[in-house]
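Input: a single structure, listed below in structure tokens.
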Amino acid sequence: MHPMASKVREYTTLPVRKETLRRLKGYKVGGVSYDELLNDLLDAHPPEEFFLEHLRRLKREPRRPWSEIKKELNL
């Protein structure tokens, strides 16, 4: 393998709404890439903590139909 091959990163496009991109730009400082920014945000909320919080909310909040949630989130 070529010595530089290990440094090549693969990227993909990630479709997001314009409002989401606008919000992400608010977190982007200096020369930080969106990849670095998203990884920092994901590191700040590890999956275990996320799912524990999700379960906590499920136990406390009444169940709601998806159609109601979509309407609330403007999806």
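Tell me whether segment 33-43 contains one or more residues that are assigned to a loop (DSSP other than H, G, I, E, B), under 30 Å from Y11 (Cβ atoms) and among the small types (G, A, S).
yes
Output the residue which, of all residues in segment 24-34 that are of a type outside the set (S, T, N, Q) and either over 27 Å from N74 (Cβ atoms) or in contact with a strand residue (DSSP E or B) (Cβ under 9 Å, 6 or more places away or on another chain) (or both), is surrounded by the most Cβ atoms within 10 Å (Cβ to Cβ).
Looking only at segment 24-34, we keep the residues that are of a type outside the set (S, T, N, Q), and these are 24-32, 34.
Among the residues that remain, those that are also either over 27 Å from N74 (Cβ atoms) or in contact with a strand residue (DSSP E or B) (Cβ under 9 Å, 6 or more places away or on another chain) (or both) are: 29-32.
Details: V29: 7, G30: 4, G31: 6, V32: 11.
Once the filter is applied, the top-ranked residue is V32.
Is there any pair with a first residue in segment 1-17 that is surrounded by fewer than 10 Cβ atoms within 10 Å (Cβ to Cβ) and a second that is modelled with pLDDT of 90 or more and not in a loop (DSSP other than H, G, I, E, B) whose Cβ atoms are under 9 Å apart and which are 6 or more apart or on different chains, and what are they?
Within 9 Å, the pairs are R9/D35; Y11/D35.
Checking the conditions here, which among L21, L37 is free of Cβ contacts under 8 Å to residues at least 12 places away in the same chain, within 14 Å of the chain's Cα centre (by Cα) and surrounded by 10 or more Cβ atoms within 10 Å (Cβ to Cβ)? It would help to see each step written out before you state the result.
On the way: L37 fails: free of Cβ contacts under 8 Å to residues at least 12 places away in the same chain.
Every option except L21 fails the conditions.
So, of the residues in segment 45-58 that are exposed (fewer than 11 other Cβ atoms within 10 Å of the Cβ) and under 23 Å from P15 (Cβ atoms), which turns out to be farthest from the chain's Cα centre (by Cα)?
P47
The values are calculated or read from the model by the stated rules, or taken from the named source; none is laboratory data. Keep in mind the model is a prediction, meaning the values are calculated, not measured. In this analysis, Cβ positions are derived from the backbone assuming ideal geometry, glycine residues included, and neighbour counts consider all displayed protein chains.
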